[in-house]
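Participant: My structure is below; once you've seen it, I'll send some questions.
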Amino acid sequence: GDSAKALDYLDQCVATDPENVACLNYLATVQLALLETDDAMQTYRQLMNTQPTDSIYYLRAGRTFANANQCTVAVPWLEQGYALEQERGDQSLDRLAAFEEFLLGCGAAITPVYSSPEDTTTESAN
């Protein structure tokens, strides 16, 4: 699709409802795709201020900041999202492993349960 149009639409969505989690998430996703990392980080900060209840937002925000070498921001969100995911009845083992990998990559003192210790990349995972 047209990234510029998507960006305009999502900017309008956020302007209309600054706490709309879906709009904020999609806006950050488009910003990252356009390599607008600083804007995406600002959007993720705004998203995290809404205190979302789905762990995926904590993973996406934490991953973005971890990949930007801002682990002091990333780790609390990753820890909170990791705890949220562990509390879910239908846990995603891939998501739990991703949380562990980013936490370990940021030097957090955790014992991996869902990922192998050598899998401490900071590149992917939903």
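The values are calculated or read from the model by the stated rules, or taken from the named source; none is laboratory data. In this text, all values refer to a predicted model and were calculated from it rather than measured experimentally. Note: ideal-geometry Cβ built from the backbone for every residue, glycine included; neighbour counts use all protein chains shown. Keep in mind that these areas ignore ligands, DNA and RNA; they rest on the heavy atoms of the full protein, side chains included. Shrake-Rupley method; radii C 1.70, N 1.55, O 1.52, S 1.80 Å.
Participant: What accessible area per residue comes out for the chain, rounded to a whole number of Å², with a 1.4 Å probe?
Facilitator: Computed with neighbouring chains in place, this is 55 Å² per residue.
Participant: Now a separate question. To the nearest 10 degrees, how steeply does helix 3-16 sit against the main Cα axis of the chain, on a 0 to 90 scale?
Facilitator: 90 degrees
Participant: Dimensions of the chain along principal axes (Cα, Å, largest first)?
Facilitator: Rounded to whole Å, the extents work out to 43, 29, 26 Å.
Participant: Further question: Find how much the distance from Asp2 to Glu87 grows on full extension, using 0.36 nm per residue of separation minus their present alpha carbon separation; answer in nm with one decimal. Can you show the working numbers first?
Facilitator: Values: separation 85, 0.36 × 85 = 30.60 nm, distance 3.81 nm.
Fully extending the segment from Asp2 to Glu87 adds 26.8 nm.
Participant: May I pose another question? Any idea what the dipole of the chain comes to, in debye rounded to 20, about its Cα centre with Lys/Arg Cβ at +1 and Asp/Glu Cβ at -1?
Facilitator: Values: 6 positive and 19 negative charges, 25 e Å.
Here the size comes out at about 120 debye.
Participant: Show me the GluC sites (Glu not before Pro) within the stretch 73-104 that DSSP assigns to loop and that have at most 11 other Cβ atoms within 10 Å of their Cβ.
Facilitator: Details: sites: Glu79, Glu85, Glu87, Glu100, Glu101; in loops: none.
Answer in residue order: no site qualifies.
Participant: While we're here: Between 0 and 90 degrees, rounded to the nearest ten: what's the tilt of helix 21-33 against the longest Cα principal axis of the chain?
Facilitator: Approximately 90 degrees, to the nearest 10.
Participant: Calculate, in nm to one decimal, what Ala68 and Ala109 gain on full extension: separation in residues at 0.36 nm each, minus their alpha carbon distance. All intermediate terms of the calculation are to be shown ahead of the outcome.
Facilitator: Details: separation 41, 0.36 × 41 = 14.76 nm, distance 1.99 nm.
Stretched fully, the Ala68-Ala109 segment lengthens by 12.8 nm.
Participant: Further question: Just to confirm a number: summing +1 for Lys and Arg and -1 for Asp and Glu over residues other than Arg88 whose beta-carbon lies under 14 angstrom from that of Arg88, what do you get?
Facilitator: On the way: positive: Arg95; negative: Asp54, Glu85, Glu87, Asp90, Asp94.
Net local charge, Arg88 excluded: -4.
Participant: Taking every alpha carbon pair in the stretch 43-92, what does the distance histogram look like in 10 angstrom bins from 0, in percent?
Facilitator: Spelled out per bin, shortest first, that is 29, 55, 15, 0.
Participant: Continuing with the same structure: At 0.36 nm per residue, minus the direct Cα-Cα distance, what do Asp94 and Gln42 gain on full extension? Give it in nm, one decimal, please.
Facilitator: Details: separation 52, 0.36 × 52 = 18.72 nm, distance 2.64 nm.
Answer, rounded to one decimal: 16.1 nm.
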